[in-house]
Amino acid sequence: MEVIQEFRLRSLTNSLYAQFIADVDSQIQRLTPKALKITKCYEAFAAGIEQFDQVFKKQSKSNLTEILARQNGIRGEWYHCFCGHVRADIFHGDEEVRKAARRVLNWINCFKNMRRCSRRVQSANLTELGAKLTEEPLASDVELLGQTQNLQRMIAANEEYKAMSLGRTESRKDVVLNAVNDARAALDEAYRNIVGMVNSQVMFAELSDASDFEGSAADGPQLSALAAETGVLSDFVRSVNTLIREYKTEMAQSGPNTPADGAAEKGEEAETGGEEASDGAELP
């Protein structure tokens, strides 16, 4: 007698979880909820899928995250370009140019931890740096070094990044904290109910004896009818167990749901929030 195996759904990352549920749903649709005699359970399951899909899509990594990463790289390149020219001019043959380079570099060196700070701090630092270098007397030094245009490009790239970051924050305002966790909990229960319903039917058909129900067909369990459905149930059981084995293999290869993945379930911060953490290595 084969029944659907136990499977710790919490071990799945959100992405794997979404796909596993979709695969199970495909098997149910193939055989139909009516044939599996899980129509009532399936209503809750379908509602759970819809709820999970809505919140998961809201909290999934958006294309804007990738665009922000590219823009962060662009502003970093202009920062490198500007700073590199200033540092080179410390060795310029003209003494006045060397002095101007030192004055500008002294202000740049006020932000020594640019590499290790978060991107939001980088945004603030670049804003302050740009403001100071566009004011006198440093603005004249920058002009003498021939770096006014590169400075303006760095400032513009930083402003564009800040605008993009604010836009992404605005797009996230409707995301409810822990919404994915709550949706998964409801869907987990619906899945377990379906598994329990199918397994109980399989066990009843396999372990019951027709003689136990002689003379009770009118008001008792319809054992013969249930036995006729055993083939459909067995098909579903084998299909789901195959899925479970495949997902367990994939988890073994890529690793189960880690604490970082757990954090992702609480707002996907592990996946999308890292942009504001300490990954600003593009800047020196």
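The values are calculated or read from the model by the stated rules, or taken from the named source; none is laboratory data. If you're wondering where the values come from, they're calculated on a predicted model, not measured in any experiment. Because the Cβ atoms are built from the backbone with ideal geometry, glycine has one as well, and the counts that use them run over all protein chains shown. Protein only, heavy atoms only, side chains kept; ligands, DNA and RNA dropped before computing areas. Shrake-Rupley method; radii C 1.70, N 1.55, O 1.52, S 1.80 Å.
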Please report, ordered by residue number, the helices (runs of 4 or more DSSP H) entirely within the range 60-142 with at least 1 residues that are within 15 Å of GLU159 (Cβ to Cβ) and not acidic (Asp, Glu). 63-88, 119-133
Go through the range 127-136 and give me each residue that's open to solvent by 40 Å² or more (accessible area, probe 1.4 Å) and touching a residue at least 24 places away in the same chain (Cβ under 8 Å). THR127, LYS132
Do we have any residue at all in the range 113-126 that's closer than 30 Å to ALA179 by Cβ, at pLDDT 90 or above, surrounded by 13 or more Cβ atoms within 10 Å (Cβ to Cβ) and among the hydrophobic types (A, V, I, L, M, F, W, C)? yes
Which pairs have Cβ atoms under 9 Å, sit 6 or more apart or on different chains, and link a residue in the range 49-65 that is under 16 Å from ASP182 (Cα atoms) and open to solvent by 50 Å² or more (accessible area, probe 1.4 Å) to one that is of a type outside the set (D, E, K, R) and at pLDDT below 65? LYS58/VAL175; LYS58/VAL176
The lone exception for LYS162 - which of (1) at pLDDT 80 or above; (2) out of contact with any Ser or Thr (no Cβ under 8 Å at 6 or more places or on another chain); (3) closer than 28 Å to GLY73 by Cα it fails: (2)
Does MET197 satisfy the criteria of being in a helix (DSSP H, G or I), of a type outside the set (Gly, Ala, Ser) and modelled with pLDDT of 90 or more? yes
Would you say ASP141 is in contact with a Leu (Cβ under 7 Å, 6 or more places away or on another chain), farther than 25 Å from THR65 by Cβ, surrounded by 13 or more Cβ atoms within 10 Å (Cβ to Cβ) and touching a residue at least 24 places away in the same chain (Cβ under 8 Å)? no
